[in-house]
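Have a look at the structure below, then the notes.
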């Protein structure tokens, strides 16, 4: 915008607002979105059932932590209601925990004990449309890794492991819900 004397001036007030809105509209038209906000599920999907995941591992209660974390994530980050049973839902999210492993990463040179561990979780998950049985999302090998520190106190190891499973479950649930919504 040119002002008096041919000097350039910045747009102010309504002109700036109009220019900003035009830029945002152009970006939206090109497919740009804020990460994690896309929702590619059909509009008729309003309720999702999340039955307890199946545990195909030897890790105690990992499926419970994951199921709870996924339900919390769906409720907190999406427009969908979570219902108790598949018969009352528009879609059903089913999952099987295929692998849960804790792999030592670093060791204390004096004691030889692990000081950090990486958890690896693999899920087989699918979201089904109840109306026609179609698959809305499927990933037979959703992998997730999470690192955590290990206390030097051997008595606290069990508590740390449970806390690590909870942390990994929350992080994996966020990844899963984002993937379902964006179709990845």
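The values are calculated or read from the model by the stated rules, or taken from the named source; none is laboratory data. Quick caveat: nothing in here was measured; it's all calculated off a predicted structure. Backbone-built Cβ (ideal geometry, glycine too); neighbour counts: all protein chains shown.
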Revision key, fill the gap. Scanning region 48-80 residue by residue, the ones that are without any contact (Cβ under 8 Å) to a residue 40 or more places away in the chain, surrounded by 16 or more Cβ atoms within 10 Å (Cβ to Cβ) and in a loop (DSSP other than H, G, I, E, B) total 1
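Would you please name the residue that is surrounded by the most Cβ atoms within 10 Å (Cβ to Cβ), looking only at residues in region 110-129 that are more than 15 Å from residue 169 (Cα to Cα) and at pLDDT below 95?
Taking region 110-129 as the starting set, the residues that turn out to be more than 15 Å from residue 169 (Cα to Cα) are 110-117, 126-129.
Still in the running and at pLDDT below 95: 110-117.
Details: 110: 7, 111: 10, 112: 7, 113: 13, 114: 16, 115: 15, 116: 13, 117: 20.
Among them, the one singled out is 117.
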Review point. Scanning region 100-124 for residues that are within 18 Å of the chain's Cα centre (by Cα) and touching a residue at least 60 places away in the same chain (Cβ under 8 Å), which turns out farthest from residue 150 (Cα to Cα)?
Key: 123
